[in-house]
1. Do any chymotrypsin sites (Phe, Trp or Tyr not before Pro) in region 85-177 lie in a DSSP loop with no more than 15 other beta carbon atoms within 10 Å, and if so, which?
2. Count neighbours as other Cβ atoms within 10 Å of each site's Cβ, and list the GluC sites (Glu not before Pro) in region 20-107 that are DSSP loop with at most 12 such neighbours.
3. Compute the FRET efficiency between K195 and Q138 as 1/(1 + (r/R0)^6), taking r as their Cβ-Cβ distance and R0 = 25 Å, and round to the nearest 0.05.
4. Based on a Kirkwood Rh over C-alpha pairs, give the Stokes-Einstein translational diffusion coefficient of region 116-194 at 20 °C and viscosity 1.002 mPa s in µm²/s.
5. From Cα pairs below 8 angstrom and at least 6 apart in sequence, can you work out the relative contact order of region 5-58, rounded to a whole percent?
6. Only loop residues by DSSP count here, and only those with at most 13 other Cβ atoms within 10 Å; note down the chymotrypsin sites (Phe, Trp or Tyr not before Pro) in region 1-84 that meet that.
7. Would you mind computing, in nm to one decimal, how far apart the modelled labels at N90 and W70 are, each placed 7 Å from Cα along Cα→Cβ?
8. Report the FRET efficiency, 1/(1 + (r/R0)^6), for S20 and M180, where r is their Cβ-Cβ distance and R0 is 25 Å, rounded to 0.05.
Amino acid sequence: MKIVIVSDTHLLHSQLDLPSGDLLIHCGDFYNAGTTDKWLKRINLWLESQDQFTNKVYVPGNHDFPLCDWGPSVERMAYAAHCLIDREVNIQGLRIFGSPWVPGLEGWAYGTEPNDLETWNSIPPGIDILVTHCPPLQILDTTEEGLYIGCEHLRRKVLEIRPKVHCFGHAHAGFGQLIMKSIHFINASQEFDGKLRSTPVVITL
């Protein structure tokens, strides 16, 4: 399966030039802070227009306030993709689990307090692809200033369950890929310094 992965497009998604593939994954932050829900229709239309993909997965991020505000109805409202809020979907035999939480960002969409030990308990063993907005600590999670902003509890959970792929965003300067302990880590952040990178991540599973 050919998988195209992006994150942190911040309302610049229409500028993306995506290759064809079997699955598109967006790891959160379609929106900017303060964006109203009027953008959801545009985002759904854009996702629908990406008809080069058979399936699409979207996990919200800390800027995606409208989705967070809708609560349980969000998965119905964001209908143009599998919107994963602590749930799993099986796509062509691949088990994919998504979770939007960002510990340490209370007051933001999907923000929790830093030591929320319950945040990642819903991630099941045996999944093939884990999609989060938050990165794990010290894995492709640096800011422009060189600070680590990932979650140590997420790191422990990922190393425990060992998915084939863990993709995320949030730390824009951490864009890149890393294979560690047989896990393919991907920071797919697209926005950097007010512009989009022209480099969506493409992998094959």
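The values are calculated or read from the model by the stated rules, or taken from the named source; none is laboratory data. Fair warning: this is a prediction, and the values are worked out from it, not measured in the lab. Please note: Cβ atoms are built from the backbone with ideal geometry, for glycine as well, and neighbour counts cover all protein chains shown. Heavy atoms of the whole protein, side chains included, go into the accessibility calculation; ligands, DNA and RNA do not. Shrake-Rupley method; radii C 1.70, N 1.55, O 1.52, S 1.80 Å.
1. none
2. Passing both the DSSP loop test and the Cβ count: E106.
3. Result of the calculation: an efficiency of 0.40.
4. 171 µm²/s
5. 47 percent
6. Y79
7. 2.6 nm
8. Computed FRET efficiency for S20 and M180: 0.30.
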